[in-house]
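Every number here is computed from the coordinates shown, using simple stated rules; none is lab data. Only a predicted model underlies this, so the values are computations on that prediction, with no experimental measurement involved. Every residue, glycine as well, gets a Cβ built from its backbone with ideal geometry; the counts of neighbours run over all protein chains shown.
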Amino acid sequence: MLLSGGETTVTVRGSGRGGRNVEFLLSLGLALQGHPRIHALAGDTDGVDGLDDIAGAVLGPDTLARAWSQGLRPQDMLANNDGHGFFEALGDSVVTGPTLTNVNDFRAIVIDGNATH
């Protein structure tokens with residue numbers, strides 16, 4: 001497991017809904033292209049990533065395939081900064097409600113050493 005904290009930087013170019021954490025996950029998903037051994041979670045400890053009451057999201061090996069099967073275009077959604085729209089459509093948003101604490105953004109990437117290719 002790889003753990004990291006701190007706030008990433010996002011260049012806003014589109015008009016979508018999202019925050020640093022879902023932007024990171026969507027970018028990671030596109031880079032991994034469904035790698036069968038990698039899962040990830042990213043979120044904000046205060047329960048709000050961007051302007052919505054969504055803390056973050058989860059990413060799995062099947063995320064892109066499920067998106068494409070629903071007619072979603074992950075690259076276009078990333079270009080529009082619409083990470084919340086992407087993960088909400090898949091049911092993969094993490095919603096905690098306000099936690100009343102703001103410790104940090106965090107990311108966890110799990111690499112399954114037992115899975116086979």
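Counting only trypsin sites (Lys or Arg not before Pro) that DSSP places in a loop and that have at most 15 other Cβ atoms within 10 Å, the longest clean stretch of the chain runs over 38-117.
In this Cβ point-charge picture (+1 for Lys and Arg, -1 for Asp and Glu), segment 2-102 has a dipole of about 340 debye about its Cα centre. Ranking Thr9, Gln70, Phe86 by how far each Cα lies toward the positive end of the dipole of the chain (charges on Cβ) leaves Gln70 at the top.
Under a Gaussian network description of the chain, with springs only between Cα atoms under 10 Å, the residue in Leu32, Leu41, Leu78 that fluctuates furthest is Leu32.
With contacts taken as Cα pairs under 8 Å and at least 6 residues apart, segment 2-102 reaches a relative contact order of 35 percent.
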